[in-house]
Structures are given as structure tokens and as C-alpha cells.
1. Please enumerate the residues belonging to region 96-117 that are more than 13 Å from the ligand (Cβ to nearest atom) and either crowded, with 16+ Cβ neighbours inside 10 Å or within 17 Å of the chain's Cα centre (by Cα) (or both).
2. Given the conditions (1) open to solvent by less than 20 Å² (accessible area, probe 1.4 Å); (2) in contact with a Phe, Trp or Tyr (Cβ under 6 Å, 6 or more places away or on another chain); (3) without any contact (Cβ under 8 Å) to a residue 60 or more places away in the chain, and given that residue 91 satisfies all but one, which numbered condition is not satisfied?
3. Can you find even one residue in region 38-46 that is surrounded by fewer than 23 Cβ atoms within 10 Å (Cβ to Cβ), over 19 Å from residue 211 (Cα atoms), within 16 Å of the ligand (Cβ to nearest atom) and modelled with pLDDT of 95 or more?
4. Looking at region 190-208 only, could you name the residues that are in contact (Cβ under 8 Å) with a residue 40 or more places away in the chain and either surrounded by 21 or more Cβ atoms within 10 Å (Cβ to Cβ) or more than 24 Å from residue 36 (Cβ to Cβ) (or both)?
5. State whether one or more residues within region 14-26 are within 23 Å of residue 209 (Cβ to Cβ) and aliphatic (A, V, I, L, M).
6. Of everything in region 118-127 that's of a type outside the set (D, E, K, R) and closer than 16 Å to residue 53 by Cα, which residue is nearest to the ligand (Cβ to nearest atom)?
7. Looking at 80, 158 in this structure, which one is open to solvent by less than 10 Å² (accessible area, probe 1.4 Å), touching a strand residue (DSSP E or B) at 6+ places or on another chain (Cβ under 7 Å) and within 26 Å of residue 223 (Cα to Cα)?
8. Quick one: is residue 56 under 17 Å from the mean Cα position of the chain (by Cα), open to solvent by 30 Å² or more (accessible area, probe 1.4 Å) and of a type in the set (A, V, I, L, M, F, W, C)?
Amino acid sequence: MQDILVATEAQKRGLDRRTGERHYRAYVGPAEYYDLLASNQFAALCRSGIREDHAVLDIGCGSLGAGRLLMSYLLPGRYFGIEPERWLIEAGIREELGREFVRMKQPTFDYNAEFNLGVFRRQFDFLLAQSVFTHTPKNDLEKCFAEGRRVLKPEGLFAATFQEGELDYEGDRWIFPQQACYTPGYIDAAAGRAGLLCIFPNWSHPTGQTWFVLHHPDHTPELETIPAT
Ligand SMILES: C[S@@+](CC[C@H](N)C(=O)[O-])C[C@H]1O[C@@H](n2cnc3c(N)ncnc32)[C@H](O)[C@@H]1O
């Protein structure tokens, strides 16, 4: 009996699924790291100075792993997410957040796959893109950086991850669960082409990706550089 209960919880957590399979936890990364990937993102924004009245846009928000923690912290109406796979958001609400919590926190979602960050017709204190540029071709990454510059408040920060490699991904499409690797030099140059500056704060990441933070050139952010868990 106990074995059956244990197996059922493991299945619910997607632990029997391979990364990329159609389960709300496995689809967005290794299911065994779902909790750590969420807390790592929240820690990254805490180390960047997030306050409860800030507005956050979570790009490729998936099944709201980080969204759940961010919504708890932020005042109502401050969390925004873009996610083309609508079912992921619905599953995250059904399995993790609950409808009452979502009614209370009033998040706003959009489902475009074009990195149109202007759809909410407002600017943000923080942009977040965890494990999104680990799968995008250069043209999408550069469009997202350019859009990011437009919707980032003058003192805002754009925190994101990439998978560091010795060569840059030259493919022209989204790949998953395979990874599109980039060099730090390319990320830095792409930031410059978008009119932004890039910092590599040396925060840890549960699966070994690299954090970077983009900001407007006339604002010098103060980031805690101790490793995020
Ligand atoms: C590896 S998952 C990471 C999800 C989430 N950021 C997290 O940390 O759990 C990448 C996410 O990006 C989404 N995605 C794919 N194409 C996208 C696009 N064009 N714009 C925004 N998100 C996209 C995927 O559907 C998926 O949810």
C-alpha cells in the first residue's frame, strides 16, 4: 500500500518522466529540479533587489514554478507571464497554485510565441527568462533583448540564464530538450546591440546554467554577488 502511495506521488511530481515529456514539471526541465529551479530564480531576483510593489514579467513562464513563489511575494497585479504553451499555465494553476490564490494575486498572462513583450502596454522593474535562451536561435534571443530594452524601466533589471559553450548555436529554430549553447562574448555583444549592458554575477544554478543581468547603460545596479542557491 505504501509503495503504491509513494509511486503515485513520484508520478504526480513527474519524476518518472524524461525532460521534455508532456507533464507540467518535466516539460520545463528536469522534474527532480523543479523546486530548486523555482527557488533559484526567486533568490536571483531577491539578490537583485526585488520589492513587493515591483512588477515582474516572466518570459517563458512555463508551469509557474518561479511564478508561484513570485506571486506569493508580490502585491496583487504585479506578476505577468508570457508562455506559448497555454496548457502549462493551466496545469500549474490546477496542480500547484489553486484558483483562489490566483484570484487573489491577479496575474496577467499572454500566450504569444514572438517575444512580443509590449503586449501588456507597460514597463517592468524586472524581466526574468530562466532556461529560455538555452533553447532559442540567435534571432529570437536578439529580438527578446531588443523588446526587453523597450519594456524595462530605466532602473529595471533583466535577469536570465544561458548555457555556456565554446561555440554559439547557429541553428534557426527552438530546440528542446537539446540545448542551444552560447559564449559569454556573444551574450555580451547581443546585449550591446540591443542598447543594454550585461553583468555576469556568478550566481550558482541547479543545472549549471549561467546567470546574466541586463540593464540600461545609464543605471549601475547593485547586485549581491554571493551565489544564489
Ligand atoms: C525550459 S522551459 C523553462 C520554463 C520556466 N522559465 C521555468 O524556469 O520553469 C522553457 C519555456 O519557454 C517556453 N517558450 C518556448 N518558446 C517560447 C517563446 N517563443 N516565447 C516565450 N516562451 C517560450 C516553453 O514553452 C517553456 O515553457
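The values are calculated or read from the model by the stated rules, or taken from the named source; none is laboratory data. These figures come from a predicted structure and were not determined experimentally. No Cβ is skipped: glycine too gets one built from the backbone with ideal geometry, and neighbour counts run over all protein chains shown. With ligands, DNA and RNA removed, areas are computed over all heavy atoms of the protein, side chains included. Shrake-Rupley method; radii C 1.70, N 1.55, O 1.52, S 1.80 Å.
1. 97, 102, 105, 107, 108
2. Every listed condition holds for residue 91 apart from (3).
3. Checked region 38-46: no residue is surrounded by fewer than 23 Cβ atoms within 10 Å (Cβ to Cβ), over 19 Å from residue 211 (Cα atoms), within 16 Å of the ligand (Cβ to nearest atom) and modelled with pLDDT of 95 or more.
4. Once the filter is applied, which keeps residues that are in contact (Cβ under 8 Å) with a residue 40 or more places away in the chain and either surrounded by 21 or more Cβ atoms within 10 Å (Cβ to Cβ) or more than 24 Å from residue 36 (Cβ to Cβ) (or both), region 190-208 yields 190, 191, 193, 194, 195, 196, 203, 205.
5. Yes, because at least one residue in region 14-26 is within 23 Å of residue 209 (Cβ to Cβ) and aliphatic (A, V, I, L, M).
6. The first filter runs over region 118-127 and keeps only residues of a type outside the set (D, E, K, R), leaving 118-120, 123-124, 126-127.
Then keep just the ones that are closer than 16 Å to residue 53 by Cα; that gives 123-124, 126-127.
Working: 123: 19, 124: 15, 126: 14, 127: 12 Å.
Residue satisfying both the conditions and the ranking: 127.
7. On inspection, the qualifying residue turns out to be 158.
8. Details: under 17 Å from the mean Cα position of the chain (by Cα): yes; open to solvent by 30 Å² or more (accessible area, probe 1.4 Å): no; of a type in the set (A, V, I, L, M, F, W, C): yes.
No, not satisfied.
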